[in-house]
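Enquirer: The structure's right below; bear with me while I get my questions together.
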Amino acid sequence: MVPILPFRLSSLGYPDDRLSSLVSYTLLSYSLGLIVATPPIAFFAGKVTGRKIPLILGLLVLIASQIMFMFVEPFWALVRTIFLAFVPRNPS
């Protein structure tokens, strides 16, 4: 997702001189997604016996965020989808 962010932002009409700062904000949302999601996901994964349910839930969140990424236009919604896209990729 990160390599296509400048092209996606440019296609949404954002000026070229602001693209680097906007991509930085989306990378910040990625980092915040990892930081915020690690404790609850680790707790949930520790309580569930087996890996099937957490993997399926993570996959559903990832699919939903990818679909939202294709259709959102405001920048704040794009940042939200980036946040949601990287929550299931949590290392827990």
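Enquirer: For the chain, modelled as a Gaussian network with Cα springs under 10 Å, which listed residue fluctuates most, THR26, THR49, THR81?
Expert: Among THR26, THR49, THR81, the largest GNM mean-square fluctuation belongs to THR49.
Enquirer: So which trypsin sites (Lys or Arg not before Pro) in the chain pass both tests, a DSSP loop state and at most 15 other Cβ atoms within 10 Å of the Cβ?
Expert: Details: sites: ARG8, ARG18, LYS47, ARG51, LYS52, ARG80, ARG89; in loops: ARG51, ARG89.
Filter output for the chain: ARG51, ARG89.
Enquirer: Something else: Using a simple spin-label model with points 7 Å from Cα along the Cα→Cβ vector, what separation in nm is obtained for LEU27 and VAL72?
Expert: Each label point is offset 7 Å from its Cα along the Cβ direction, giving 1.9 nm.
Enquirer: State which helices in the chain qualify, where a helix is a whole DSSP H run, it must extend 18 Å or more along its own axis by its Cα atoms, and its mean Kyte-Doolittle hydropathy must be at least -0.5. Walk me through the intermediate numbers first.
Expert: Working: long enough: 19-47 (42 Å, 1.22); 52-71 (29 Å, 2.11).
Both cut-offs are met by 19-47, 52-71.
Since every read-out is calculated from the coordinates, none of them should be taken as a lab result. In this text, all values refer to a predicted model and were calculated from it rather than measured experimentally. Counting neighbours? That spans all protein chains shown, and the Cβs are built from the backbone with ideal geometry, glycine included.
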